[in-house]
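Values quoted throughout were computed directly from the atomic coordinates according to the rules given, and no laboratory measurement underlies them. Because the structure is a prediction, the values reported are computed rather than measured. No Cβ is skipped: glycine too gets one built from the backbone with ideal geometry, and neighbour counts run over all protein chains shown.
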Amino acid sequence: MQRFVDNILAVTKESVKTFTYESLNNIVRLINGVSALLLAFLPGKAKILEGIQGWELRPTFRGPRFPRWMENGVSSFNQFIHELAVDSDVSSLEYLSGDEDVDGYDYPGTPSSASSRTSRASFTDNSRHHIDWIQYILLWILVPVKFLLGIPLRLCRLAYSVVSKPRSASGNQHSAHSHLHARVQSLKDQIIHRTTDRRRGIIEDLHLVMEIFIEAVFDIVHKAVHLLLSPSEAFGKLFSLFSSHERCVEEDDNGVQNATVFTATLGENDPTPTDRNTNFRQSFSTDSRTCQDVITELGYPYEAIHVITADGYVLLLERIPRRDARKAVYLQHGVFDSSMGWVSNGVVGSPAFAAYDQGYDVFLGNFRGLVSREHVNKNISSREYWRYSINEHGTEDIPAMIEKIHQVKTAELKLSKPDIEEDNNDDQLYRLCAISHSLGGASMLMYVITRRIKEKPHRLSRLILLSPAGFHHDSNLVFSVVESGIFFLAPILSRIFPAFYIPTRFFRMLFNKLARDLQNLPAVGGLVQTLLGYVLGGDSSNWVGVLGTPHYNMNDMPGVSFYVGLHLAQIKRTRRFRMFDYGSASANRKVYGSPEPLDLGENYWLIDIPVDLVAGQKDKVIRPSMVKRHYKLMKEGGVDVSMNEFEYAHLDFTFSHHEELLSYVMSRLVLVEPNQKHEVNQRSLRLRKKGQATATE
């Protein structure tokens, strides 16, 4: 009778699961279908959807049904496969110890890129090809047998290692085999990492919640029916429960209470050795990787440097170090972005990795403006923290990070190359180029000009500005409406919204999961992409894909101060690239020494280094005409400036893989050689001597 009831409950449970799964999937398909129908009637969607690669209307779902042997969203079966493959591969350790130096100050020249790894892992020997196929077949056969028959793990590893590491006739053949197997292992680890991806969207979480709820309900029903069908066993359990409470604490002859410790032999009652504790911190299944995770996973070195600005903000300066390199590059992100933008395309398409592969010491800057609110004053209020404009980016953040770069590089080069001596004319031991995007470009220009006005060295040898901000009067109607609203409602909005960001971890988690769903439901994602394109004047950047990048996670997320938005509104309204207007002549005179803010465009003649401007023909956020405005003013000021245009949208400069752009940027970096005379100091000396001669006359 018990077996009959168990079978009925099992069939009923599976039927309920199937019904709920299909009902939810049909609802999702309906939403996706309605979105596709709406998308079909929207004009101009073809150009906007160019930013989404492989866009289709058909939704994609991950497997919603999870076995019971899962821990924190990761299958223990797949985890065992991963551990088995890693532990059994001794040759990979031999490969690392033979080819790579793990010392903290000595790094390999260039890590293997994804494409090069794949090409080197191609099999040219037919026998080796068959052996690898036997490896995978044996691996996937032994593991189920191990779980079903209880074969010890050592036997599985031994059988796998016999096939994966056959004896070779000579030591050279064994070494070559070890190197090849290590490369295959690297590819296999990447495949296993993708198959065990823990990130899930809201729809996938609903599948999991229904799985857990149905399992819990039927488990209670099963136990209740089992007790009803076996009343003697039910009374026995109740009796043992009450009697255990009475015997739990006993007193000895001296009146001391002794606690009874219950023990059990492994395998007597429960075949599972221990109860797994769910880690609720990691049960949300969001992608919270950092820039460090991305860099180190791809095999590059990493270093984090904490920088404190003059006004107390704690910034994170990240680095892909080449300590003995005399050429360095500093990359600065734009609005609502972070250093993740320079590495998000992986080895092949990221500017940071491309510069490192060319022999540069790479520094990745991060502006102030994270929801974690890093500051020396741990009790700083939200309103005080977010009270900054673009001025602080250009006069506080960038100077602090570049001075830290100067200190680090000077100390390292003097230590590694003591024969190098600094010139008396303030020439530095290295060359530092800057690559900036969007708001980072405007801040970089502000930094150079203000440092020149203060007669302080800016340490830079070249500027490469990708779609730089600074002029915005040529924009669409939506931007004009937003600018007017921010400008006139600033006194009210600044008190209500000190910054534009998602304040709580819960809503940031929902945002991260919703971005995942937009990728799984292409019609819904395409509709969101099209609507965002309308708001941004038809820009075809992959906005949906960018929202799913790791730095938009529940733990931390970049935000934008309201005063940065107000500063941009002032620039657009005045049609001039100026510093922040504090609203009164007295306030401006206190900061700038004049009743009007400093006009940066009129001081482009102070720029004493080459500048390369890059514009996007499809960029509707900062249009090519606005980049040409920079170019015209710099030409009039006698700046060594060049301009190039590519058929890209605004985010294509960082978040998309374009080999043409990377080749151009790298070609501009090569123009600054580490052993050439520093143009900045030579030009300053010429101007200084000319001024002294004029004064003497």
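Miscellaneous remarks
- In a fully extended conformation the segment linking Glu596 and Ala310 would gain 100.5 nm over its present Cα-Cα distance, using 0.36 nm per residue.
- Were the residues from Trp605 through His657 laid out at 0.36 nm apart, the gain over their Cα-Cα distance would be 15.3 nm.
- Cut-off 10 Å between beta-carbons: net charge of the residues surrounding Lys13, Lys and Arg +1, Asp and Glu -1: -2
- Euclidean distance of C-alpha centroids, segment 294-327 and segment 330-351, integer Å: 13
- Checking the cross-link pairs Lys414/Lys456; Lys45/Lys513; Lys47/Lys618 against a 19 Å limit on the alpha carbon distance flags Lys414/Lys456; Lys45/Lys513 as lying beyond it.
- Taking 0.36 nm per residue of sequence separation and removing the Cα-Cα distance, the Lys456/Ser484 pair yields an extension gain of 6.4 nm.
- Annotation note: trypsin sites (Lys or Arg not before Pro) in segment 333-398 located in DSSP loop regions with a Cβ neighbour count of at most 16 within 10 Å are Lys378, Arg387.
- Ordering Ile464, Ile405, Ile496 by the number of other Cβ atoms within 10 Å of each residue's own Cβ, fewest first, gives Ile496, Ile405, Ile464.
- Along the axis of the charge dipole computed for segment 345-384 (Cβ charges of +1 for Lys and Arg, -1 for Asp and Glu, origin at the Cα centre), the listed residues Val362, Pro351, Val376 are led at the positive end by Val376.
- When the Cα gyration tensor is reduced to axis lengths a ≥ b ≥ c, the ratio a/c is 1.5 or higher for segment 542-673, and with a/b not above b/c it is classed as oblate.
- Residues whose amide H lies under 5 Å from that of Ala499, counting only those 5 or more places away or on a different chain, are Phe562; hydrogens are built 1.01 Å from N in the peptide plane.
- Of the residues Phe655, Phe367, Phe487, Phe580, the one with the fewest other Cβ atoms within 10 Å heads the list, and the complete ranking is Phe487, Phe580, Phe655, Phe367.
- Panel order for Leu566, Leu331, by other beta carbons found within 10 Å of each beta carbon, from fewest to most: Leu566, Leu331.
- Span from the segment 358-392 Cα centroid across to the segment 565-619 one, whole angstrom: 21
- Spin-label zone in segment 541-562 - amide nitrogen under 18 Å from a point set 7 Å from the Cα of Ser381 along the C-beta vector: 561-562
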